Each structure stands twice: as C-alpha cells, then as structure tokens.
Amino acid sequence: MNNLVYKKFHLEFFYELNHMLKIGNVKHSIRKYPKDQIIFLTGSRCQSIGILLKGEVKIEHLTETGSRILIRNLKQYNIFGEILLFSPEPYYPYDIVAKSNCEILFISKDSLLRILSENPNILEKYLQHIAESYHQINKLIKLKSQKTLRHKLAYYFLNYEHLNKENHSLIIKSKTELANLLGVERQSLFRELKNLENEGYLELNKKEVILKNLTYFASLVD
C-alpha cells in the first residue's frame, strides 16, 4: 500500500468511525497535547486506540545510552495502539511524543469492539489497517537488520520513499529524522551520503537524492 493509498484509507476509516461515534452514542475522548509532551512512556498500558486529529506525533525508542531512535512519524488520521490494545501484554515498548501541538481521539477497547461488531465494513477496514501495520513493522525490522549504514540507506531508498520513475529521484524531507530512523548520528549520515555521491552512485541536490545506479543499491539489500 503506497503512501497516497495509505493516507486515503486512514481518511475513509476515520470518517466512517467518526460517523458511528456520533450516531451510536459511543464513549470516547479528545485530548490536546503541546509540542514535546510525552503522551505515553515506555511501559505504559495501552487501554485505547489513538487517532491523530491534528498535528504530528513521533514514536521513539530510548536506548540504554540515552539516545533516541525514531521508529515512526504519525500524521493526521494515523492510528496508534491498534495492535497492542488486543495483546495479552498491552504495554507500549516505546515512547509516544507530541512532535507538534496535537489533538488525539481516544476510543477504549470496549467501545471499539462494540463499533466493530456492529459494523462489518469498519471491521474490514480495521483488519486491513492491522495487516498494513504488520507490513510496516516488518519493513522496519528489515531496515534495522541491514549490515551497515550503506546497506540501510539502500534499503531505505528502495522501500521507504517513492522513487520518481523517470529520473530515479526521491526527497529526504529531514536528514535528522532519517538519521534517527537509521540509528546513526547525523554527521555519519552526511558522510555516507557524500561518499556515495563521490563514488558516482547518487547525486545530492539539497533535499533531492537522485540514484544513479539502482542495480548497485539493489545488490546491497539483504
């Protein structure tokens, strides 16, 4: 599921769910968080799903050395807690932090079960979302398991960002966030990107990256 389809899916799911909240008298809550506020700490119990109504949220892992590794950024209508909510051990293995001022809709497990049991269409969309969430988790595991930073970059280029088919280009919106996702220092990321450019495998143009040799990058991915 590409990014545009994924975004459309979240929007459709939210509108259907929101409609049921209005007509079904289902308990829910909406909370606001300022930028940088921790919404859930690692180890917090997951008792509801969260749907981001406004702003952005980041999911981070705090390492033993005190550094933070970015797991995922969430944007409008993205969902979190949807898998943990039904786990026998429903505790967050990461921190959820407000990346900007944000507003989140929370729906408890009982309320969600009621909605899903009474609405097969919403249930189907929810299961589709969970399947896609597992796919995203598998991608992250695959990314993290690559041998070196160069291998991780190759996997990221080919699997995380949409490549322009005409010139094999992609946009890196934030190199800091990319460094966090890859689990490396920003300086190390810059250095490896520059090495790849000097070796002729890619071209850097501000936020744009043009891949010059797709076969080479494909050969690096395990």
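Details
- Of the criteria (1) part of a loop (DSSP other than H, G, I, E, B); (2) among the charged types (D, E, K, R); (3) in contact with a helix residue (DSSP H, G or I) (Cβ under 9 Å, 6 or more places away or on another chain), which one Lys165 fails: (3)
- Residues located in the stretch 22-66, provided they are part of a loop (DSSP other than H, G, I, E, B), in contact (Cβ under 8 Å) with a residue 60 or more places away in the chain and closer than 23 Å to His129 by Cβ: Gly24, Val26, Lys27, His28, Gln47
- Per the listing Ser108, Ser117, Ser100, the residue uniquely of a type outside the set (D, E, K, R) and either out of contact with any strand residue (DSSP E or B) (no Cβ under 9 Å at 6 or more places or on another chain) or free of Cβ contacts under 8 Å to residues at least 12 places away in the same chain (or both) is Ser117.
- Restricting attention to the stretch 168-208, the residues being of a type in the set (A, V, I, L, M, F, W, C), outside any helix (DSSP H, G or I) and at pLDDT below 90 number 4.
- For the stretch 6-34, the set of residues classified as modelled with pLDDT under 75 and among the β-branched types (Val, Ile, Thr) consists of Ile23 only.
- Qualifying position, being crowded, with 18+ Cβ neighbours inside 10 Å, farther than 28 Å from Ile172 by Cα, at pLDDT 90 or above and assigned by TED's automatic domain parsing to the domain that holds Leu17, among Leu41, Leu105, Leu52: Leu105
- Per the conditions (1) on the phi > 0 side of the Ramachandran plot; (2) of a type outside the set (Asp, Glu); (3) at pLDDT below 90, the sole criterion not satisfied by Ser133 is (1).
- Some residue of the stretch 123-142 being crowded, with 17+ Cβ neighbours inside 10 Å, within 18 Å of Gly183 (Cα to Cα) and under 14 Å from the mean Cα position of the chain (by Cα): no
- Scanning the stretch 48-59 for residues that are out of contact with any Phe, Trp or Tyr (no Cβ under 6 Å at 6 or more places or on another chain) and of a type outside the set (Val, Ile, Thr) gives Leu52, Leu53, Lys54, Gly55, Glu56, Lys58.
- Any pair with Cβ under 6 angstrom, 6 or more apart, that starts in the stretch 175-203 at a residue that is exposed (fewer than 15 other Cβ atoms within 10 Å of the Cβ) and ends at one that is among the polar types (S, T, N, Q) and modelled with pLDDT under 95: Arg186/Thr176
- On inspection, His19 does not qualify as assigned to a helix (DSSP H, G or I), within 18 Å of Ile79 (Cα to Cα) and within 20 Å of the chain's Cα centre (by Cα).
- Annotation for the stretch 72-85: at least one member residue is more than 27 Å from Lys27 (Cβ to Cβ), touching a Phe, Trp or Tyr at 6+ places or on another chain (Cβ under 9 Å), assigned to a strand (DSSP E or B) and not polar (S, T, N, Q).
The values are calculated or read from the model by the stated rules, or taken from the named source; none is laboratory data. If you're wondering where the values come from, they're calculated on a predicted model, not measured in any experiment. Please note: Cβ atoms are built from the backbone with ideal geometry, for glycine as well, and neighbour counts cover all protein chains shown.
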